[in-house]
Amino acid sequence: MSLRLYNTLTRRVEPFVPLEPPRVTLYTCGPTVYNYAHIGNFRTFLFEDLLRRHLEAQGFDVLHIMNLTDVDDRTIKAAAAAGVPLAQHTEPFVRAFFEDRDYLRIRPAHVYPRATECIAPMVELVSRLLERGLAYRGEDGVYFAIGKFPTYGCLSRVERRELQTGARVASDEYAKEDARDFALWKFADPTDEQAGAAWDAPFGRGRPGWHLECSAMALQEIRRFGVQTLDIHAGAVDLIFPHHENEIAQSEGVTGQPFARFWLHGEFLQIQGTKMSKRTGNFLTARDLKEEGVDPAAFRMLVFSTHYRQQLNYTDEALEAAAEGVRRLGEFRDRLVEAAGAAEAARGADAGGDGLPPLPILPPLPPVEELRRSFTAAMEDDLNAPQALGAVFTFVRAMNRELDGGSLAPVQRGAALAVFDRVMAVLDVLPAVAEMDAEFRAWVETHLREREAARKARDFARADALRTELLARGVELEDGPGGTRWRKRRGMEGGGL
RNA sequence: GGCGCCGUAGCCAAGUGGUAAGGCAGAGGUCUGCAAAACCUCUAUUCGGCGGUUCGAAUCCGCCCGGCGCCUCCA
């Protein structure tokens, strides 16, 4: 069994084999930095994060490229309206994007090419297309002539596209030879100049069209390997047409090679059953979640609970359910660590490390072997994360049962922890550690000692009062045979007494 | 009008020809001073509806009902 992925190009699930194993070149369409990215954007980025992590867990050597669109109609308009240079407007949103990415535990791409820093390769691409007769100069820009590119439409399968009757045939398209042609380069207008969004080019001063940057940057980044074909190009479904279709035309028009071998598209996230819309206020940003104290692991869990090719309806109830699952996993791991000996297994240790499981003195536990097998099988089946999660929870219940029985040998517990951590390295859905200062910690310890004394004296009223007081500050207790364990609930302030 | 997706328990959600994973919520129980956590048991004779194909269908086909997306710069 090996990885199989749904390829939009063929509309089939196919075995994934990179061009030159173990290297995988992965290009994912990044954000347009005109505003804060919303949770729909992040659903897509999370799906890509899962893909990346799974590939790496399988031993692939991934080069992950994600572009930043820092020049387009919206960024220019906003910069011009604010009377500031383009870069000054976009920079805060770039920083915000990286912060949100880190908050959601999305692994950074290896490179983040920015459109404004890749003008030269874009100009080069347009020149080549003009030379080949695939592009032409119009009145307001350079256009790609799709009529000259016979395979146009192969990705979206809308060959000989019929324009919707009476719609979208805007009056400003007079400059095109064919209404379906798309802009490669837009000649500079006063607004562009004002925002500093204009560059000289042999075919006329202007700025790149949206689709151009992805082709130029992707080809530029993989040139180091001497190839002109990406292994995987991913994005959300709305990009299939026209964005990715146009990228194919631009790139293959120049290279004559397939632009990408696998095209992966994630479905939309919806809120309250409908598409997010800024107009109706029906949208959320990652920062909104952060401000509400949402554990990033809960959001990841929510996202991975639905297959990436299914629409996901975001609701508060679903997020709470996901948060409960996350809590359960964290609880389980804490138990396992305690049982396995806390020293070498502190939270956050590199879960992908090797050397485990150690000497098989005892036969491997069936649940451990089962998780190893079923998790991988689920993920290899077109990243079936919901099914993989099912395998994880089945493992958790079985292992909790073993832990309750108390008859596990240390080596078995270590093996269980190793496998569990390996799985978590892919999903990364363990609860965030609640932040608290030393003062708070001391306050908790004092109360715990006091409660312990009260319990010894069988003054349960006093003990329960202390427990209530602790709970009010988000501290939950668990009395066990080995003493009282406590845990800080996330999202409740844990300092400044 | 064209292309496409979806409808599985109170909620979320896998499963796409062989007799319904998993999570959340709920009920009862074990453990506990009481809790909490964990575990055990229970909770869809049934997969939007109606037909058809088949030894066998949630899974394939047809029709209908309901929801959603894309169709030029929106992840």
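At-a-glance table
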{"item": "Counted residues, segment A:440-489 - those being of a type in the set (A, V, I, L, M), buried (at least 16 other Cβ atoms within 10 Å of the Cβ) and more than 10 Å from RNA strand B (Cβ to nearest atom)", "result": "4"}
{"item": "Flag if A:Y314 is modelled with pLDDT under 95, hydroxyl-bearing (S, T, Y) and surrounded by 14 or more Cβ atoms within 10 Å (Cβ to Cβ)", "result": "yes"}
{"item": "Pair list, Cβ under 6 Å, 6 or more apart: segment A:265-278 residue over 25 Å from A:I232 (Cα atoms), other residue of a type in the set (S, T, Y)", "result": "A:I271/A:Y314"}
{"item": "Selected residue (criterion: farthest from the chain's Cα centre (by Cα)) from residues of segment A:302-340 that are assigned to a helix (DSSP H, G or I), more than 8 Å from RNA strand B (Cβ to nearest atom) and under 16 Å from A:A388 (Cβ atoms)", "result": "A:L329"}
{"item": "Residue satisfying all of: in segment A:23-41; within 13 Å of RNA strand B (Cβ to nearest atom) and of a type in the set (S, T, N, Q); farthest from A:D73 (Cα to Cα) among these", "result": "A:T28"}
{"item": "Residues satisfying the stated conditions in segment A:43-88, i.e. basic (K, R) and out of contact with any Gly (no Cβ under 9 Å at 6 or more places or on another chain)", "result": "A:R52, A:R53, A:R74, A:K77"}
{"item": "Qualifying position, being touching a helix residue (DSSP H, G or I) at 6+ places or on another chain (Cβ under 8 Å) and without any contact (Cβ under 8 Å) to a residue 24 or more places away in the chain, among A:A318, A:A297, A:A286", "result": "A:A318"}
{"item": "Which numbered condition A:M424 misses (of (1) at pLDDT below 95; (2) in a helix (DSSP H, G or I))", "result": "(1)"}
{"item": "Pair list, Cβ under 8 Å, 6 or more apart: segment A:91-120 residue at pLDDT 95 or above, other residue among the polar types (S, T, N, Q) and not in a helix (DSSP H, G or I)", "result": "A:F93/A:N35; A:D100/A:T285; A:A109/A:T28; A:Y112/A:N67; A:P113/A:N67; A:R114/A:N67; A:A115/A:N67; A:A115/A:T69"}
{"item": "Scan of segment A:233-274 for residues that are farther than 26 Å from A:I119 by Cβ, more than 9 Å from RNA strand B (Cβ to nearest atom) and crowded, with 16+ Cβ neighbours inside 10 Å, ordered by number", "result": "A:R261, A:F262, A:W263, A:L264"}
{"item": "Condition check for A:A409: touching an Asp or Glu at 6+ places or on another chain (Cβ under 8 Å), touching a residue at least 12 places away in the same chain (Cβ under 8 Å) and on the phi < 0 side of the Ramachandran plot", "result": "no"}
{"item": "Conditions (1) within 11 Å of RNA strand B (Cβ to nearest atom); (2) not in a helix (DSSP H, G or I): number failed by A:V396", "result": "(2)"}
{"item": "Residues of segment A:362-383 that turn out to be crowded, with 18+ Cβ neighbours inside 10 Å and in contact (Cβ under 8 Å) with a residue 24 or more places away in the chain, as a count", "result": "11"}
{"item": "Per-region count, segment A:1-52, residues aromatic (F, W, Y) and buried (at least 24 other Cβ atoms within 10 Å of the Cβ)", "result": "4"}
{"item": "Close pairs (9 angstrom Cβ cut-off, 6 or more residues apart or separate chains): over 17 Å from A:D72 (Cα atoms) and within 14 Å of RNA strand B (Cβ to nearest atom) in segment A:172-201, of a type in the set (D, E) and at pLDDT below 75 anywhere", "result": "A:A179/A:E173; A:D181/A:E173"}
{"item": "Within segment A:140-158, considering residues that are more than 25 Å from A:Y6 (Cβ to Cβ) and assigned to a loop (DSSP other than H, G, I, E, B), the one farthest from the chain's Cα centre (by Cα)", "result": "A:D140"}
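The values are calculated or read from the model by the stated rules, or taken from the named source; none is laboratory data. Everything numeric in this text was worked out from a predicted model, so none of it was measured. Quick reminder, even Gly has a Cβ in these numbers, built from the backbone with ideal geometry, and neighbours come from all protein chains shown.
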